[in-house]
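Quick note: the coordinates plus some simple rules give every number you see, no bench work behind them. All figures in this text were calculated on a predicted structure; none of them were measured in a lab. Every residue, glycine as well, gets a Cβ built from its backbone with ideal geometry; the counts of neighbours run over all protein chains shown.
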Amino acid sequence: MLLWFRLDLRLDDNPALLAACGKPSPVIPVFIWDPEAEDPWPPGAPSRWWLHQSLHSLGERLASLGSRLILRSGPSLQTLEQLISETGAKAVFWNRRYEPAVIARDTALKKSLLDQDISVGTFNASLLFEPWTIRSKSAQRPFQVFSAYWKTCLGQPEPVAPQEAPEHLPIPSIWPESIALARLHLEPRIDWAGGFKAVWNPGEAGANAELQNFLGNRLNSYSSERDRPGRTGTSRLSPHLHFGEISPRKVWHALRRRRSSENADAVACYLKELGWREFAHYLLFHFPQTPNEPLRAEFAAFPWRIDASLLKSWQRGTTGFPFVDAGMRELWATGWMHNRVRMVVASFFTKQMRMNWNEGAYWFWDTLVDADLANNTLGWQWSAGCGADAAPYFRIFNPVLQSKQFDPDGGYIRRWVPELTRLPSPWIHTPWAAPPLVLEQAGIQLGETYPLPVLDHEETRREALAAFENMRRLSSNAPV
């Protein structure tokens, strides 16, 4: 039997693995590198870097049980058929994925295998509630408002408890050949991932350690600390969840076990964040066009701005708005950005710069270690106001007020924008407003050592509101 690993790179609470081990036949774990199957969203460079480390970890974990991970590269169906021919396997088990291109690939692949009298078993390993199981009362249209969706989810039977990894895997008498992990060419030729290595530990062990760290040290203060990017107040589980190094069921039940009268609000708050992850996959499943098209159709005609210079200043963290620049530099250095800052930089991009959310989504996709098609799409459409949102267009984050509220002492800014290190806290959020003597004493020359703002927040806010209101008016007057 072939056990096909995908974004479920763990042994603990892995339904396909546990089902395979329950059959009276050897289990051959396989990973196939087939990025073309995910066009137009193949994994970006940081995702590939993480995948390399995670596959290495999974291979070692399997070896500790006397098994091994077979690595292949090529079209998935062709590669599986080749492995079936080499091993005589009569069945293929895998855990489901929910991206549109992968669903289409898996549907065709499953039919082809069944037509060849190969048994197929598919399982849910990555969601608490699969998208087709949550229905609105009318059942006519999928949910598009999170609160109603999550209330319905919480009314469902609780997710099943996670199952422990098997103690051993039945192995074949002869193993098929495997290519070396290095031959997948997942790691960069030029080692730009030093910042990643300093802050991340990919793999199942790293995921479990991060969960225990969160539960033991950060859970009780999660409600108050999660919006402070200068502090480690979030779970930092997003890349581990994306690559399936830990199951959401395990996180759910671990939180429920830790719940007490003192931390009940924090537990509910974090479970709600898991709910947003579920909602993202729910929307992607029901609206598969949304990675490239706005959910709100009227936004297809919105007059987005095209400005290569402005785009580059945002990507490089040189907008002249310290909070925005800190976030973009953190992203470049570590492959990750705090969620509060993600909302601020995305709002700045779509509302102040008035640039197409697709451009921002592509940049995040290519630079995040936790780049996830469902979450990336939901986040960017939410920020642009063109997605699932009850109050879309007039939500415009003020980057200065956000900076003052969530990084009041400027510690986050000073870490990622070191040219502002010596600027006193009252001015760290608005260096352009600092008196000349203060700038001189801090060693700052605006426009030289640190850029002047690329735009006027209040002016661009008014322009954005006018553009959104005009779009709304034209849409309401459109013929039906």
Packing-based ranking, highest mean first, of 229-237, 45-53 given that Cβ atoms within 10 Å are counted: 45-53, 229-237
Global geometry of the range 111-259, whether rounded, prolate or oblate, following the gyration tensor of its Cα atoms and the 1.5 cut on a/c: oblate
Principal axis dimensions, largest first and in whole angstrom, of the range 1-124 by Cα: 39, 35, 26
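Round to the nearest 0.05 the FRET efficiency obtained for Gln78 and Leu401 when R0 = 45 Å and r is the Cβ-Cβ distance.
Numbers: r = 55 Å, r/R0 = 1.22.
The pair Gln78/Leu401 has a calculated efficiency of 0.25.
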Residue-span extension gain [Asp39 to Ala161] - 0.36 nm each, minus C-alpha spacing: 40.5 nm
Amide H contacts of Met355 (H built 1.01 Å from N, under 5 Å, at least 5 apart or other chain): Arg305, Thr350
Peptides ranked, highest mean first, by Cβ atoms within 10 Å: ranges 60-67, 320-327, 403-410, 273-280: 320-327, 273-280, 403-410, 60-67
Sequence-distant residues sharing a close amide H with Trp33 (under 5 Å, placed H): Arg72, Ser73, Gly74
The chain: angle of helix 357-367 to the longest principal axis, Cα-based, in degrees nearest 10: 60 degrees
Net length gained if the chain between Ser25 and Ala205 were fully extended (0.36 nm per residue, minus Cα distance): 62.0 nm
Helix axis angle, 45-64 relative to the chain longest principal axis, alpha carbon, degrees: 30 degrees
From phi via Karplus (6.51, -1.76, 1.60), per-residue ³J(HN,Hα) for the range 338-355 in Hz, x at Gly/Pro: 4, 4, 4, 6, 4, 5, 5, 5, 6, 5, 4, 5, 8, 9, 7, 6, 6, 9
Arg472-Lys312 FRET efficiency (beta carbon distance; Förster radius 25 Å; 0.05 resolution): 0.20
Relative packing of peptides 338-351, 12-25 - highest average C-beta neighbours within 10 Å first: 338-351, 12-25
For Val120, residues with placed amide H under 5 Å, excluding near neighbours: Val92
Crossing angle, helix 204-213 versus the chain [Cα axis fit, 0-90 degrees, rounded to tens]: 50 degrees
Cross-link pairs beyond the 24 Å C-alpha cut-off, checked among Lys137/Lys351; Lys90/Lys111; Lys272/Lys404; Lys151/Lys351; Lys272/Lys312; Lys23/Lys111: Lys137/Lys351; Lys272/Lys404; Lys151/Lys351; Lys272/Lys312
Where N is the number of residues in the range 297-475, Cα Rg divided by 2.2 N^0.38 Å: 1.04
Area projected by the alpha carbon convex hull of the range 252-292, averaged over all directions, nm²: 3.3 nm²
Kirkwood Rh and Cα Rg combined as Rg/Rh, the chain: 0.99
Modelled FRET efficiency - R0 60 Å, Asp456 with Ser261, Cβ distances, 0.05 increments: 0.80
Relative contact order (%) - the chain, alpha-carbon pairs under 8 angstrom, separation at least six: 17 percent
Gained length - Tyr362 relative to Thr133, 0.36 nm times residue gap less alpha-carbon distance: 79.4 nm
Whole-number D in µm² s⁻¹ for the range 280-388, Kirkwood Cα-pair radius fed into Stokes-Einstein, 25 °C, 0.890 mPa s: 177 µm²/s
